[in-house]
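Below: the structure, in structure tokens.
We did not get these values from a lab; they are worked out from the coordinates using the rules stated. In this text, all values refer to a predicted model and were calculated from it rather than measured experimentally. No Cβ is skipped: glycine too gets one built from the backbone with ideal geometry, and neighbour counts run over all protein chains shown.
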Amino acid sequence: APVKTTADLLALRSDAYDITPDWLVTLARDRAGKPPRVELDGEHYQIVDQLEEKLVAGAPSLRGCSELNVTGPVVFNPENVFRGKVTVLNRTALPARLRPGVYEDCTVDLQSATN
């Protein structure tokens, strides 16, 4: 898979891709040949170092995700599981941690009372 943006790199680091026994990186079989569509906020994910800061604990699960849109600085972890179409919003300039859990076909506003 070509990696041209940090969004591509996030997808590649997730479980949407597998590593074969001969060390080839391939799209997971259950993805049916279609990678997840990932859009990251250019202000907070423009360069690899910015992405690394948000993935210090590891990449989230994108295996069942069709589309992920992220606005603002969001810190992910391997216990974040995205399914379907998910939008994550952090309307501040300060990084916010996304709580572990399954997020499916929803919008998560990190400034709402439930987060």
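Can you list residues from other chains, or at least 5 along the same chain, whose modelled amide H is less than 5 Å from the amide H of Ala28? For Ala28, the qualifying residues are Tyr17, Asp18. Distant-in-sequence amide contacts of Arg37, defined by a placed amide H-H separation under 5 Å and a gap of 5 or more residues or a different chain, comprise Glu67, Leu68.
For segment 60-76, 3J(HN,Hα) computed residue by residue from phi via the Karplus equation (6.51, -1.76, 1.60; θ = phi - 60°) reads x, 7, 10, 4, x, 9, 8, 8, 10, 10, 10, 10, x, x, 10, 9, 9 Hz, glycine and proline entered as x. For the chain, the antiparallel share of DSSP beta bridges with both residues in that region comes to about 10%. Across all directions, the shadow cast by the convex hull of segment 3-111 built on its C-alpha atoms averages 6.6 square nanometres. Remark: spin-label model distance Thr92-Glu52 equals 2.6 nm, labels positioned 7 Å along the Cα→Cβ axis. Separation of segment 7-57 from segment 68-89 is 12 Å, based on Cα centroids. Bridging of Lys54 to aspartates and glutamates at a Cα separation below 16 Å is possible for Asp8, Glu39, Asp41, Glu43, Glu79, once same-chain residues fewer than 8 apart are set aside. The simple Förster model, with R0 at 22 Å and r as the Cβ-Cβ distance, assigns Asn69 and Arg29 a FRET efficiency of 0.30. Contact order for segment 1-62, expressed relative to its length and based on alpha carbon pairs under 8 Å spaced 6+ residues apart, stands at 40 percent. Taking all Cα pairs closer than 8 Å and separated by 6 or more residues, the relative contact order of segment 1-113 comes to 20 percent. All other residues with a Cβ under 14 Å from the Cβ of Leu40 taken together, and with Lys, Arg as +1 and Asp, Glu as -1, what is their net charge? Taking every other residue near Leu40 into account, the sum is -4.
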